[in-house]
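> What follows is a structure written as structure tokens; I'll ask about it next.
Read-outs: derived from the displayed coordinates by stated rules, not from any lab. Nothing here was measured: the structure is a model prediction, and the numbers come from that model. For neighbour counting, all protein chains shown are included, and Cβ atoms are generated from backbone atoms with ideal geometry for every residue, glycine included.
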Amino acid sequence: MRYTLTILCILVCQSYVFAQDCNTILLGEIIDFHDQTPLADAIIQVKVNKEQVYSDEFGKFTLKNLCNGSIELEISHPECSTRFVIVEINGNTHKKITLEHHLEELDEVKVTGATIKETNSAQEKVLKTKQLERFGSNNLGDALKQINGVSSLNTGSNIVKPIIQGLGGSRILILNNGIRMQDMEWGAEHAPNIDVNAANTATVVKGAAALKYGGDAIGGVILLDQNRIPKKDTIYGKTLLNGVSNGRGGNISSELTKAYENGFYIKGQASYKKLGDAEAPDYILSNTGVSQFGASVDFGRLGFEKGWSAYYSYFDTNIGILSASHIGNVDDLISAINSDEPGKISDFTYDIKNPRQNVKHHLGKLKYYKRFEGLGKLNLQYDIQQNHRFEYDIRVGADKNKASLDLKLTTQTLATDITIDAFEKQKFSFGVLGRYQENFANPETGVRRLIPDYDKVDFGVFATTEYKLSDLTTADAGIRYDYSKIDAQKFYKTSRWEERGYDKDYSDIVVSDLGTQLLTNPELTYHNFSASAGLKHKFNTENQFRFNYTLAQRAPNPSELFSDGLHHSAARIELGDLRIKSETSHRISVSLGKDTYTWGYDVAPYLNLISDFIILEPTGVEFSLRGAFPVWEYRQTDARLLGVDASIYNNWTNNWRTDHKFSIVKGRERSNNTALINIPSARMENGITFNKQEWHNFNIALQSQYVFRQNEYLDNINVYSPQQNQEVELDINTPPNAYHLLKLDTEMKFNFNNNNALTVGLGVTNLLNTEYRDYLNRQRYFTDDLGRSFTLRLKFNY
Amino acid sequence: MTTTNTIFKNIKKVSIIAFSSIALISCSDDDDTPEALNEEEVITTVIVKLTPEAGGTAITLMSKDDDGADGPSAPVITVENLAANTTYNGTITLLNETESPAEDITLEVAEEDDDHQFFYAVSGAISGTAYTDMDEDGNPVGLKFTLSTTNAGAATLGVTLRHEPKKPNDGTTADAGGATDIEQTFSITVE
């Protein structure tokens, strides 16, 4: 590994003052330009007398007995190339020297150094480029599951919504290159519209402690970022190819970066994925193919004092929805649940037929920053994004190729923040943001709008601080206020309006009465407060303790408020409620960890008490001429989530390592202690890795994953089956059995001249071709989950 | 490098202008009233008329759901009693009564009869049904049928209309596939 260091922002002053008295002190601090992390073990040498000192673990160094005037320092670092700095000494001087990493690959730095922390005291974990690359042919949600405590709510294998410590959907914020994704995360079958290949690192902050990004992240924040771009004349890139046996397809992804010494850079990236029908151990999962295209371009000039960048990305995905999951009514659901095999199994095909989803997401960002000497750094960011979602149901006649749902969500955000880091012990951040969002539900679908047309305005303001109590202890605190107002134009069926009791409570919002339906104008305003406080204490370089308390409030999303009809793709009636108010979370988390060359552990328990927790659960059926449909209703209750994420690793020898992880979360209603719906079950992972650097960095890992059965679940409901002409139990909540999966992965890297390298990897998932169903896969009623799959990976670095 | 410098400077200028103009646009609020949506091909009423083959008064089975498939109200079903050991000639009528006068959806089904099929499921004191109509390909449609009763007792008659079923099929809805337009079960007394 070779790094280079550049030193920036040095005020070079020619000093003509000659020293009289040579006993002044220079107190220096070497920190990383990007993230303010101290750089330890840098060698600081005074050019004149060759006096040499090292920076300590906090990046600090002291030079004594200096004369006033200019001195030239040579600063070198084991991982960087040597640079020269001229410092003006005038009495005892404090000098912060900011260095910029000049990196070929940032991920390698993250391996060696302390990871960049988004928060001081929250539980967080980072996935590096290498760990994301292994999931190039999968989804973001699959990659994130490598992090202990992260699971997912799936609809088949291509729609994967991340869940952090039992909470997902609108309770998780996803920041894609610093932009909060606005991609209709409110639906259970709406996965994040992000290409996993476009991100270089992924950080998961559990809980809402990262107030800077939003006060409503009751579950957590996922940050997807790019590697830093070196400040030198260079061009580099990589291409990844994945061949996948299950689905008989694969993906290709390429990335190219051109950078200049003066800070200019341009980076382009594109990827394409195509998979046909996936296969369970015993049968084909018909109509589960996917085709996906993503591309992004990023350019700008990054300097120390100021810089700007522009970013644009496009994402287009077309996902087939399992044919067998298309059901007509409750009797179809009953027979699907009672049958072992899916009702429709066809021959393998790459064709994606209806039902399917097609989502296009455009995202653009402009960013500017300026650093004010002696104060801090100001950021200004504008972003715009448009999410256009089409859901195609099986329709007939002239509507055959018409979408059943066509929603266009456009969001613009203007945000600014300032970080004041001039104080030695304390750091402050302030920020404000304004956001305007517009949703348009296209009436040309010929299907009643599930989500109405609306305009939404958000305004947020926050302040956070970090205070160094001692060299080993840092405290943090923050507050945030968010205002949000949603102005909707919603049609209600008159019968539904009355059934919900809105005719009594909301008669003043009726705009016009169209006979069988009403046009209404709900205007709903929310004031949310969030706050966070915590402490991080390092016992020594190896042991660390973190404590955090966060208060967070989340306003209901449009689905929770406005849903009022048959969700065709799910064959269920979903009912929101205008009366739903913000939910409030009080979360306490502790983490205790040890990290050494030979072994380490991390134990992170948490308690999340959520008042007015919004849940969607089955409540019964409604009858129509088309049969009976299950009804899912939103309601609010006080909930308690208690869990722990624990992990331990050990390097037995230089070549052998084992990893062990366990996570569990218990979710219950506080009033009657009944189980909450869709809480992930406990899971345990054990892995053994053999690594031999001499054999082209040969790496082989076997991983076992045991997922326990969820024993705490909601009671099933009894429904009247028109077909059976009697009341029957709808076995909709019973979780499937526990399962155990094995995964094998092996990799070798071949280096060529000029930094070119080829990495070859072969992976097998579900090695034993085990038949299983997962509680948090919405298609568990219809089919087994994926069978064995081989993946061949080729990566070229150039 | 100077050329690159100029290019980037220009891009920056353009970006700033674009950014400010978008920010301005974003402030404009449009209060356009969304267009009301009238669902197509709504069926509110299913009427099964059974006339004794030997002559006599026709009896009517009716299911009526005014607020459609996703409205909260359940269909209102009215039935009359059937006579034991009798064969009836049946016809079925579908109406959209949200329009005035009511639209007869049966005509549409008859027009596109190769894309539709009714399925009748019976139990109890009804012994069976038989199709008495065919589409142009010689496959059953089910707008017309016969129904026979046995000795007195309780019975059910299930009526399913599938749009674009597989045709021909083995007479079961499972084999036929397609989209369900109607699925109603009438509980009847045979006396």
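> Given a Förster distance of 41 angstrom, what is the FRET efficiency for A:ASP508 paired with A:PHE430, based on the Cβ-Cβ distance and rounded to 0.05?
0.55
> Turning to a different aspect of this structure: State the extension gain, in nm to one decimal, for the chain segment bounded by B:ALA130 and B:GLU191, taking 0.36 nm per residue of separation less the distance between their alpha-carbons.
Taking 0.36 nm per residue and subtracting the Cα distance, the gain is 19.8 nm.
> Calculate one ³J(HN,Hα) per residue across the range A:279-293 by plugging θ = phi - 60° into the Karplus curve 6.51 cos²θ - 1.76 cosθ + 1.60, and present them in order as whole Hz with x for glycine and proline.
10, 7, x, 10, 7, 7, 8, 5, 6, 10, x, 8, 9, 9, 10
> Between A:GLU373 and A:ASN540, what length comes free when the chain is fully extended (0.36 nm per residue of separation minus the Cα-Cα distance, one decimal in nm)?
The span from A:GLU373 to A:ASN540 would gain 56.8 nm if fully extended.
> Starting from the Cα of A:THR239, step 7 Å along the direction of its Cβ; do the same at A:ALA398; then give the gap between the two resulting points in nm.
4.9 nm
> Sticking with this one: Of A:LYS365/A:LYS490; A:LYS145/A:LYS427; A:LYS306/A:LYS536; A:LYS128/A:LYS661; A:LYS125/A:LYS538, which ones are farther than 21 Å apart at the Cα?
The pairs that break the limit, which is 21 Å between Cα atoms, are A:LYS365/A:LYS490; A:LYS145/A:LYS427; A:LYS306/A:LYS536.
> On to the next question. Step through the residues of the range A:404-413 one at a time and calculate ³J(HN,Hα) from phi using the Karplus curve (6.51 cos²θ - 1.76 cosθ + 1.60, θ = phi - 60°), rounding each to whole Hz and writing x for Gly and Pro.
Karplus-based 3J(HN,Hα) across the range A:404-413 equals 8, 9, 9, 10, 10, 10, 10, 10, 10, 9 Hz.
> Report the extension gain between A:ASN716 and A:ASN49 in nm, rounded to one decimal, defined as 0.36 nm multiplied by the number of residues separating them, less their alpha carbon distance.
232.0 nm
> Right, here's the next one. Distance from the Cα centre of the range A:407-429 to that of the range A:158-224, in angstrom?
18 Å
> Moving on. Could you give me the ³J(HN,Hα) list for the range A:447-460, computed from phi with Karplus coefficients 6.51, -1.76, 1.60 and θ = phi - 60°, whole Hz, x at Gly and Pro?
Listing the rounded values in order: 10, 4, 6, 6, 10, x, 5, 7, 10, 9, 10, 10, 9, x Hz.
> In the range A:568-653, which chymotrypsin sites (Phe, Trp or Tyr not before Pro) fall in coil by DSSP and have 14 or fewer other Cβ atoms within 10 Å?
A:TYR597, A:TRP652
> If you take the beta carbon distance between A:ASN65 and A:HIS586 as r and set R0 to 45 Å, what does 1/(1 + (r/R0)^6) give as a FRET efficiency, to the nearest 0.05? Kindly include the intermediate steps, with their values, before the conclusion.
Working: r = 55 Å, r/R0 = 1.21.
The computed FRET efficiency comes out at 0.25.
> Please list B:182-190, A:747-755, B:137-145 highest first by mean number of surrounding beta-carbon atoms within 10 Å per residue.
B:182-190, B:137-145, A:747-755
> Right, something else. Normalised by the number of residues in the range A:153-301, what is the relative contact order in percent for Cα pairs under 8 Å and 6+ residues apart?
18 percent
> So, in nm, how far is label B:ASN81 from label A:ASN697 when the simple model puts each one 7 Å beyond its Cα toward the Cβ?
If labels sit at B:ASN81 and A:ASN697, their model points lie 8.7 nm apart.
> Can you compute the FRET efficiency between A:SER470 and A:LYS594 using 1/(1 + (r/R0)^6), with r the Cβ-Cβ distance and R0 = 22 Å? Round to the nearest 0.05.
0.65
> Under 15 Å from a point 7 Å along the Cα-to-Cβ line of A:SER346: which residues of the range A:278-303 have their amide N that close?
What the label zone holds, given the 15 Å backbone N cut-off, is A:278, A:284-290.
> Compute the separation of the alpha-carbon centres of the range A:479-531 and the range A:621-683 and state it in Å as a whole number.
Using only Cα atoms, the two centres lie 31 Å from each other.
> Any idea how far apart B:ALA154 and A:CYS22 come out in nm if each label point goes 7 Å out from Cα toward Cβ?
Taking the two extended label points, one gets 11.1 nm.
> List the residues, sorted by chain then number, that are 5 or more residues from A:VAL621 or on another chain and whose placed amide H is less than 5 Å from its amide H.
A:VAL631
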